[in-house]
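Worksheet: one structure, shown below.
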Amino acid sequence: MKLNFLFPLACSLICLFGFSQCTGNTPAATTSAETAAADGGQSSVQDNDSQKDLVKVAVGSKDHTTLVTAVKAAELVDVLSNAGPFTVFAPTNAAFDQLPAGTVEGLLKPDKKDALADILQYHVAVAVYKPEMFTDGQIISMANGGSVTMGVKDGKITVNGANVVATVQASNGIIHVIDNVLLPK
């Protein structure tokens, strides 16, 4: 019975608010989070109380500075700050160091942004895959349209041969830290 009374009241309030927006009436003040989100995207919203999203977790890791630099250069910060859910296979700085000399620097150039974005999106699945969900030989589709093959043997997990060395939960997904950079075919 209470729901029957509350539903029309809620609808009335929504309509009232909607009409006030159409007439040009605006709230007297906006919060800094609303302003930041409007000006800089999801990644610019300040929230020190909630669990960190994927980007904020990576930014806080001294072992992922190269990855963070690449994500910024490819302009993927806002995408990876959104609700997700995402699974990110995050190469460490040492993994990037294993690439041929000059590779990372070359990919960070503005004219290589598309190639860099393709490589980074090859590290992202649009779903949450917890470690216990992986099976040996499992194929996972990645955000760039490619796919990776999971390996599970003796409790160790690999992705295209790269070892998963740690797993970190984030508010919009999960990060699996890996020891090699995954390169699309």
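For segment 117-128, name all the residues that are touching a residue at least 40 places away in the same chain (Cβ under 8 Å) and either surrounded by fewer than 20 Cβ atoms within 10 Å (Cβ to Cβ) or outside any loop (DSSP other than H, G, I, E, B) (or both).
Ala117, Asp118, Ile119, Leu120, Gln121, Val124, Val126, Ala127, Val128, listed by residue number.
Of the numbered conditions (1) within 20 Å of Val68 (Cα to Cα); (2) part of a loop (DSSP other than H, G, I, E, B), Gly145 fails exactly one; give the number of that condition.
(1) is the only condition that Gly145 fails.
Kindly indicate which of Gly145, Gly84, Gly155, Gly102 is at pLDDT 95 or above and not hydroxyl-bearing (Ser, Thr, Tyr).
None of the others qualify; the one that does is Gly145.
Report, by residue number, each residue of segment 52-78 that is modelled with pLDDT under 90, of a type in the set (A, V, I, L, M) and either in contact with a Ser or Thr (Cβ under 7 Å, 6 or more places away or on another chain) or closer than 11 Å to Pro91 by Cα (or both).
Answer for segment 52-78, where residues must be modelled with pLDDT under 90, of a type in the set (A, V, I, L, M) and either in contact with a Ser or Thr (Cβ under 7 Å, 6 or more places away or on another chain) or closer than 11 Å to Pro91 by Cα (or both): just Val55.
Considering only residues that are more than 23 Å from Leu76 (Cβ to Cβ) and assigned to a loop (DSSP other than H, G, I, E, B), which ones fall in segment 131-142?
Phe134, Thr135, Asp136, Gly137, Gln138, listed by residue number.
Check off (1) within 14 Å of the chain's Cα centre (by Cα); (2) without any contact (Cβ under 8 Å) to a residue 40 or more places away in the chain for His176 and give me the number that stays unchecked.
Only one criterion is unmet by His176, namely (2).
Can you name the number of the only condition in (1) aliphatic (A, V, I, L, M); (2) modelled with pLDDT of 95 or more; (3) in contact with a Ser or Thr (Cβ under 8 Å, 6 or more places away or on another chain) that Ala94 fails?
With (1) aliphatic (A, V, I, L, M); (2) modelled with pLDDT of 95 or more; (3) in contact with a Ser or Thr (Cβ under 8 Å, 6 or more places away or on another chain) applied to Ala94, the lone miss is (3).
Identify all residues within segment 134-163 that are in contact (Cβ under 8 Å) with a residue 12 or more places away in the chain, closer than 23 Å to Ala117 by Cβ and aliphatic (A, V, I, L, M); write none if there are none.
Listed by number, the residues that qualify are Ile140, Met142, Ala143, Val148, Val159, Ala162.
Only one of (1) at pLDDT below 95; (2) over 23 Å from Thr65 (Cα atoms) fails for Gly173. Which number is that?
(2)
Would you check if Leu99 is touching a residue at least 40 places away in the same chain (Cβ under 8 Å), surrounded by 14 or more Cβ atoms within 10 Å (Cβ to Cβ) and under 21 Å from Val165 (Cβ atoms)?
The answer is yes for Leu99.
The values are calculated or read from the model by the stated rules, or taken from the named source; none is laboratory data. In this text the structure is predicted, and so the values were computed from the model without any measurement. With ideal geometry, Cβ positions are generated from the backbone for all residues, glycine too; neighbour counts draw on all protein chains shown.
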